[in-house]
1. With Kirkwood's inverse mean 1/r over C-alpha pairs for Rh, give me the Rg to Rh ratio of segment 146-261, two decimals please.
2. Going by alpha carbons, how many degrees (0 to 90, nearest 10) lie between the helix axis of 342-354 and the longest principal axis of the chain?
3. Using a 10 Å cut-off on Cβ atoms, rank the peptides 323-335, 101-113, 394-406, 183-195 from the highest mean neighbour count down.
4. So, with a 1.4 angstrom probe, what is the percent of accessible area on segment 4-123 that is carbon and sulfur?
5. What is the magnitude of the charge dipole of the chain about its Cα centre, with +1 placed on the Cβ of each Lys and Arg, -1 on the Cβ of each Asp and Glu, and no other charges, expressed in debye to the nearest 20?
6. Which FRET efficiency value, to the nearest 0.05, do you get for Asp458 and Thr214 by plugging their Cβ-Cβ distance into 1/(1 + (r/R0)^6) with R0 = 35 Å?
7. Find the lysine pairs in segment 332-500 meeting two conditions, Cα atoms under 19 Å apart and a separation of 8 or more places or different chains, and report how many there are.
8. Out of the DSSP beta bridges found with both residues in the chain, what percent are antiparallel (nearest 5)?
Amino acid sequence: MVRLVLVLGDQLSVGLSALLKTDKGNDVVVMSEVMGEATYVPHHPKKIAFTFSAMRKFAERLRADGWQVAYTRLDDPENTGAITGELIRRAAEFDAAGVVYTEPGEWRLINALAAMPLKTHCLPDTRFIASHQEFEDWAEGRKQLRMEYFYREMRRKTGLLMDGDQPEGGKWNYDHENRKPAPDEVDFAGPLWFAPDEEVLDLVEARFGNNFGTLRPFWFATDADQAQEQLTHWIEAGLPKFGDFQDAMLNDNRFLYHSLISFYLNVGLLNPLDVCRQVEAAYRAGLTPLNAVEGFIRQIIGWREYMRGIYFREGPDYVTRNALGHNRRLPDLYWGGETRMNCMAKAVSQTKDEAYAHHIQRLMVTGNFALLAGIDPAQVHEWYLAVYADAYEWVEAPNVIGMSQFADDGIIASKPYISSGNYIHKMSDYCGSCAYRVQDKTGEKACPFNLLYWHFLDRHRDRFSGNPRMGNMYRVWDRMDDTRRETVLSEAERFLVRMDDGEIV
Ligand code: FAD
Ligand code: DLZ
Ligand code: SF4
């Protein structure tokens, strides 16, 4: 009897376990563009267009490989609007015995599929380096789940950058070499541009044109060959300086030396291990320095895998955690509302245009501000899930709830990622063109990050003053005279009230 083989919009890999374990001569692949997936958060139009364009091409590729594919377009009259609805409809159409699928990357869909009134068989997603069991085995009995130790396990497991049983170059981690401030010139031209599927763009414009985000120009790769072209282009021209300027930010350059491959990795157009092997080969061929290659490989086999491990280990309620009790509404400036903070304006407008911001913009600008201002982490999580084209809950939630907002009470981060304006000033050229003055700690033009930094530390003294990595900050705060401390706190309060009242801040 026929089985249905579900392929989701982020499962576009010929090596997907559901495709490997079924029979192209007999079974039917089901792929569906549905409103349920397109609206569970108000996705950026570029993210929707990317997903639909890549799904359509992947369906064609499967057909060319000999698969029968039942593909539902968003505007098909019979479209039920949900993945589960489409499977039930197709099961009746093909008189199918059941559904085989690869585990989705979000609990929401995992639970919906498991509850379907059909016989189902869920397979592990083998596109990752560590299985759930391997992560559990590593985590078992540890007091703290620090990424660095997990990363070393992954280096040993994959043999990447290993010299026998020792790390290449003698050290596991070259991060201290990867913190150079913004360069004057960037000699990498940024991502390649690919011709879009205009039919999909018209559809997305008509149905999701009011969502936050600019659809055109659309430049993303939408198949595996194009994604590989982008990777090759970056390995040749961007990788050598990736490490040096990984944390830098510039007014006039949105991409610096970043790879822009998270979109492609996360939907399956690129395979993480294959990407790392290509990057390692560039190092072995003497084309690129060790700090760049190690830094990059750590992001993929370390951070990316670790985040996934945490998401599945912590379970569906992880996204509701709020350890710091933050409950402020996400201000309109996150949705493109006017702001006088240049760093925020730049990070948000770039996000609106590209459905992309690089790691330090996400962590130390928009994430840092939300944390300092005490914004409800659930709203912050929804924002990140909606606005970035690489956002799927398995990777977005641990980054936002854990790393950025400390809402998981320190499972991921050993201390909150907070900074005053100083850090942003050191790593970018944002402050030079800001209405606020980064050197002002109080007063009319004081940088809001400076005020809110102390406000955060003060309001969370009970929780953090005993943290050995934060003792210095509290000592500096305690050494300030009382009047100055009161001024900082009252100015911070005033700033927050004005922001809550909808004033332009
Ligand atoms: P590069 O800087 O070139 O890095 C190379 C690759 O390393 C990335 O493509 C990505 O696959 C991986 N990587 C780097 N850092 C991380 C990380 N912390 N976690 C997982 N993978 C990582 N990444 C997502 O893929 N989806 C998200 O929804 C997402 N949300 C984030 C939210 C916040 C608050 C923060 C701080 C980070 C988030 N990240 C997310 C991680 C990181 O910012 C992006 O992976 C990266 O910016 C993607 O751009 P790039 O491909 O140019 O990456
Ligand atoms: C992100 C996305 C969007 C916008 N639309 C679809 C869709 O119509 N059909 C589909 O199969 N997948 C889509 N996706 C990706 C899913 O949301 C993703 O597979 C789940 O969130 C699990 O990670
Ligand atoms: Fe951002 Fe403050 Fe610098 Fe302005 S002065 S760009 S608000 S860090």
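The values are calculated or read from the model by the stated rules, or taken from the named source; none is laboratory data. Every value quoted in this text rests on a predicted model; they were computed, and no experiment measured them. Here the Cβ positions follow ideal geometry from the backbone for every residue, glycine too, while neighbour counts run over all protein chains shown. All accessible areas refer to the heavy atoms of the entire protein, side chains included, with ligands and DNA or RNA removed. Shrake-Rupley method; radii C 1.70, N 1.55, O 1.52, S 1.80 Å.
1. Numbers: Rg = 18.8 Å, Rh = 17.4 Å.
Reported Rg/Rh (Cα atoms, Kirkwood Rh): 1.08.
2. Taking the Cα atoms of the chain, the angle to 342-354 is about 10 degrees.
3. 394-406, 101-113, 323-335, 183-195
4. On the way: 2370 of 4410 Å².
Here carbon and sulfur together make up 54 percent of the probe-accessible area.
5. On the way: 57 positive and 73 negative charges, 241 e Å.
Computed charge dipole of the chain: roughly 1160 debye.
6. Values: r = 39 Å, r/R0 = 1.12.
Between Asp458 and Thr214 the formula returns 0.35.
7. Details: Lys346/Lys426; Lys346/Lys445; Lys426/Lys441; Lys426/Lys445.
Number of lysine pairs found: 4.
8. Numbers: 3 of 22 bridges.
Roughly 15 percent of the DSSP beta bridges within the chain come out antiparallel.
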